[in-house]
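Remarks on the structure that follows.
The values are calculated or read from the model by the stated rules, or taken from the named source; none is laboratory data. Computed from a predicted model, the values in this text were never measured in an experiment. So basically every Cβ, Gly included, is an ideal-geometry build from the backbone, and we count neighbours across all protein chains shown. Each accessible area value is taken on the protein alone, full model and side chains, heavy atoms only, with ligands, DNA and RNA left out. Shrake-Rupley method; radii C 1.70, N 1.55, O 1.52, S 1.80 Å.
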Amino acid sequence: MQLGARGIASDLRDRLRDPALRNRPSALALDPRLHRPIFIIGAPRSGTTFLGNSLGLLPGISYHFEPRLTKAAAQYIFDGSWTARRGAAVFRLSYGALLLATLDGGYRFAEKNPENSFLVSFLAAEFPDAQFVHILRDGRDAAVSHAEQPWLNAASVTSGRRGRGGQLHGPGARWWVEAQRREEFPLVPDIVRSAWCWRRFTEAALDGVAALPVGRSAEVRYEAMVSDPAAAADMLADFLELPSADRTALHASLSRARSDSVGRWRAALGEDALADVMAEIGTLLTRLGYA
């Protein structure tokens, strides 16, 4: 309960610092119910934040970046520690509180949270009108970008820092690591742990959306947003049934995708590091057409 209260309070502080926060003191603004929520899923460093921020600029969408409470709760739903009923109560409480605090009742709730990649079936059942957007990125580029962060790096083990979900930084095995390989996880190089992370999250998201009915999920690749942002925006606008003005705004937002982030792995990875990464994720890269 203390974690939940702190997490919601921290998320609300983040939102209230937003200079563009909309203030709509009306009965509709105080409605905590979720209407056709949007869940942006994908591996860390795959463009989830960029896509979430782009959708968050649209009027009528209440966008929230990795709410701490639901990020921390994902583990307990994934491993079965919580019942679906308890998990649903926690998620609805968190989302409703965020809508109320930002006076965004009536808007479409949108959340970017990579951990939701493991919870697609749970979220789809609890929010039957939800839509899922899965963003994919070449796992080699994602791993290079991820390894530049402190989250899984061996050098972070004594930092005492924690992520938004409460997990200590460092190489320790996370809840999403395969049980039979948990002892191996802290021993591999940082770049391999980052590639491992990409694989696990990507596989989970692919499996989750594959089980959904047609019309509830869409896939977009970061590389496609870079090469043809207009086409990517049109696809997403059609999928989310956005009005024409939002379609134009999304075109403009996606056009800011950084082309220099595509193919970074070619310069960043030496021969040995690339071989280690490919040993971990090569099969999935081939399946997705990246290798």
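Hey, got the dipole for the chain? About the Cα centre, +1 on K and R Cβ, -1 on D and E Cβ, debye to the nearest 20? Could you put the intermediate results ahead of the total?
Working: 35 positive and 32 negative charges, 192 e Å.
Using only the charged Cβ atoms, the result is roughly 920 debye.
Let's see if you can work this out: charge +1 on each Lys and Arg Cβ, -1 on each Asp and Glu Cβ, no other charges. What is the dipole magnitude of segment 92-238 about its Cα centre, in debye to the nearest 20?
Working: 16 positive and 19 negative charges, 117 e Å.
In debye, rounded to 20, segment 92-238 gives about 560.
Most tightly packed first, judged by the mean number of other beta-carbon atoms within 10 Å of their residues, the peptides 224-231, 143-150 read 143-150, 224-231. Probing with 1.4 Å while keeping every protein chain in the model, the per residue accessible area of the chain equals 45 Å².
Take every Cα pair under 8 Å whose residues are at least 6 apart in sequence, average their separation, divide by the length of the chain, and the relative contact order is 22 percent.
Note that the chain shows a convex hull volume over its alpha carbon atoms of 138 Å³ per residue.
Can you tell me the length gained on complete extension of the stretch A89 to R33, counting 0.36 nm per residue apart and subtracting the Cα distance?
On the way: separation 56, 0.36 × 56 = 20.16 nm, distance 1.27 nm.
Value of the extension gain: 18.9 nm.
For segment 244-291, the set of trypsin sites (Lys or Arg not before Pro) satisfying both a DSSP loop assignment and a count of at most 12 other C-beta atoms within 10 Å is given as R256, R258.
With a/c under 1.5 counting as rounded, go ahead and sort segment 194-291 into rounded, prolate or oblate using the C-alpha gyration tensor (a ≥ b ≥ c being the square roots of the eigenvalues; past the cut-off, prolate if a/b is larger than b/c, else oblate). Working shown, then result.
Details: a/c = 3.48, a/b = 1.52, b/c = 2.29.
Since a/c reaches 1.5 but b/c is at least a/b, the shape of segment 194-291 is classed as oblate.
Ranking L285, M225, N153 by how far each Cα lies toward the positive end of the dipole of the chain (charges on Cβ) leaves N153 at the top.
Ignoring ligands, DNA and RNA, what percent of the 1.4 Å accessible area of segment 220-291 is carbon and sulfur? Could the numbers behind the result be given before it?
On the way: 1980 of 3830 Å².
Reported share for carbon and sulfur atoms: 52 percent.
With the highest mean first, a sort of the peptides 62-70, 158-166, 97-105 on other beta-carbon atoms found within 10 angstrom per residue produces 62-70, 97-105, 158-166. Note on A291 and V157: their simple-model spin labels are 2.7 nm apart, each label 7 Å out from Cα toward Cβ. The share of accessible area on segment 109-182 that comes from carbon and sulfur is 49 percent, using a 1.4 angstrom probe.
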